Amino acid sequence: MESTAVIVTRDLTKVYGHQKAVDRLTFNIKPGEIFGFLGPNGAGKTTTLLMLLGLTEPTSGHAQVLGYEPIRDPINVKKQIGYLPENMGFYNDLNARQMLHYIAELNGLSLDIAEARINVALQEVGLSDEAEKKIGAFSRGMRQRLGIAEILIKAPKVAFLDEPTLGLDPDATNRMIELIRQISQERQMTVMLSSHLLHQAQKICHRIGIMIKGQMVAQGSMEELAQEKLGVGTEAYTLEEIYMKYFKET
Ligand SMILES: Nc1ncnc2c1ncn2[C@@H]1O[C@H](COP(=O)(O)OP(=O)(O)OP(=O)(O)O)[C@@H](O)[C@H]1O
Ligand SMILES: [Mg+2]
């Protein structure tokens, strides 16, 4: 497997009963890249992320994250990655700052480092003024931002974000997308992002993978995908046009 890539898969496959949820997936994600993982409901995006996280075992094939095999070395993988799940679970009785302290403690950070990182993270996600508010009273958007703050506390090299804009209003969606771009760039953090929002993905993703029925039907930069499917050079095109071409053919 290539050593320069942060995430590598070869023929990664997950079968549930008779169903191939993920079917021989092969792709690489490079350091610092924001990789957009797109595809309809049930395409196998979350299942793929769970295999990369070492949370579910592949039926066959290989995966490497930062040089480790998630299933053989789950502790090393989990230490170095951040994960925003589809449905974030929080302790509703804690306030945001207490929650972040708890995460810092789990990750073995000293109190000094924890406090510094917590203040920076709260600032970056725009929750400084809500830090003492109980999470039970948080709106969905605030919870999503707290989820990102948790990742920042860990300061991982790689983050897996499973639909980070789910349920957010248009303005909050744009702010979340901009936040992801900013933290990825500032911290040289590789991001694998699953999303249904093509317009937003187009704005921040360096490369895109389109997954349909368990298979990666296309991967590349917007330009590469457009050239392959639309045969255009400098003309304007949208990710939606490209996506629909692949979608209709599969
Ligand atoms: N634990 C499980 N047991 C059985 N089948 C499962 C399990 N988890 C997922 N699947 C099936 O695998 C397929 C892929 O599901 P997955 O959740 O990975 O899709 P997804 O691309 O994340 O979809 P969405 O966009 O709706 O989140 C689906 O058909 C789903 O029903
Ligand atoms: Mg999913």
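Observations, loosely collected:
- Selected from SER128, LEU152, LEU193, residue furthest toward positive end of dipole (segment 7-249; charges at beta carbon): LEU193
- Estimated 222 nm signal from helices in the chain, with DSSP H stretches of n ≥ 4 weighted -39500 (n - 2.57), rounded to 500: -12000 deg cm²/dmol
- Reachable aspartates and glutamates from LYS133, criterion Cα separation under 18 angstrom, eight or more residues apart if same chain: ASP93, GLU115, GLU124, GLU150
- Sorted by Cβ density within 10 Å, fewest first, the residues MET244, MET192, MET176: MET244, MET176, MET192
- Computing FRET efficiency as 1/(1 + (r/R0)^6) for SER60 and THR238, where r is the C-beta to C-beta distance and R0 is 25 Å, gives about 0.10.
- GNM on the chain, alpha-carbon springs under 10 angstrom: the most fluctuating residue among TYR83, TYR91, TYR16 is TYR16.
- Under 5 Å from the amide H of PHE37 lie the amide H atoms of LEU193, SER194, SER195, GLY209, each residue being 5 or more positions distant or on a separate chain, with H modelled from the backbone and absent for Pro and chain starts.
- Surface/4 of the Cα convex hull for segment 7-249, nm²: 13.6 nm²
- Of LYS45/LYS245; LYS157/LYS248; LYS14/LYS203; LYS30/LYS248; LYS30/LYS78; LYS78/LYS213, those spanning more than 26 Å from alpha-carbon to alpha-carbon: LYS157/LYS248; LYS14/LYS203; LYS30/LYS248; LYS78/LYS213
- Alpha-carbon centroid distance for the pair segment 147-195 / segment 84-110, whole angstrom: 16 Å
- The mean sequence separation of alpha-carbon pairs under 8 Å and at least six residues apart, normalised by the residue count of the chain, gives a relative contact order of 25 percent.
- Gap separating the Cα centres of segment 115-146 and segment 38-83, nearest whole Å: 27 Å
Bear in mind that the values in this text are calculations on the coordinates, not laboratory data. Just so it is clear, the structure is predicted and the values come from calculations on it, not from any experiment. Positions of Cβ are backbone-derived with ideal geometry, glycine not excepted, and every protein chain shown enters the neighbour counts.
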